[in-house]
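Please read the structure below before turning to the comments.
None of the figures in this text is laboratory data; all of them are computed from the coordinates on show. Because the structure is a prediction, the values reported are computed rather than measured. Here the Cβ positions follow ideal geometry from the backbone for every residue, glycine too, while neighbour counts run over all protein chains shown.
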Amino acid sequence: LLTSHFQLSVRKIVVLEVDSRLVAYLRETGDREGFELEVREYDLRQRLPNDLNSQFDVFLTDPPYTIHGLRLFASRGAETLIPGVGKQGYICFGSRKPDEGSEVIRSLIEIGFVPVEIVPNFNSYDGAQLLGGVSQMIRTISTGKLSPLITDHYTGSLYTADRKKNGRS
């Protein structure tokens, strides 16, 4: 999860990342390039740290490509936003068939986001065969009232592999 506070310029960038290798890489890169970047090793299944609640104008996330992953990561992003209309969320998520795509959009609307743009083939992932190794970028804006679907510790499945282990597709 990446959240940023923008006014005339970026004031603060916070990255929450579960993979310790990426945390180290991001910290090293930020230091080398002179970015003011706060990187925390963090699992979004845990409740969001209080110091990140209602602090940002923008978030960016690349959740696991399951509806549960989308709902969790978008909910956490919603919690970071300063209350008000027009805060932005950028969500990278794999393209879906129309019936599954409508569930994605329905989930975002239920949280209080209005999708305003979908950019196909935004990201590509080496070695990721699921969904052709690409994702779309869904740009959203907040409505006046955000209602995260998940606010407590999350214990359900997030990844496609988890669902297959439990006998679901």
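Across the stretch 30-145, C-alpha contacts under 8 Å between residues 6 or more apart give a mean separation that, scaled by the residue count, equals a relative contact order of 25 percent. Placing R0 at 35 angstrom, the Cβ-Cβ distance between T151 and R32 gives a FRET efficiency of 0.45 after rounding to 0.05. Among 113-120, 139-146, 71-78, the peptide with the highest mean count of other Cβ atoms within 10 Å heads the list, and the full ranking is 71-78, 139-146, 113-120. The slack in the chain from V18 to T143, taken as 0.36 nm per residue of separation less the alpha-carbon distance, amounts to 42.1 nm. Under the simplified labelling scheme, the Q46-S102 pair shows an inter-label distance of 3.9 nm, with each label point 7 Å from Cα along Cα→Cβ.
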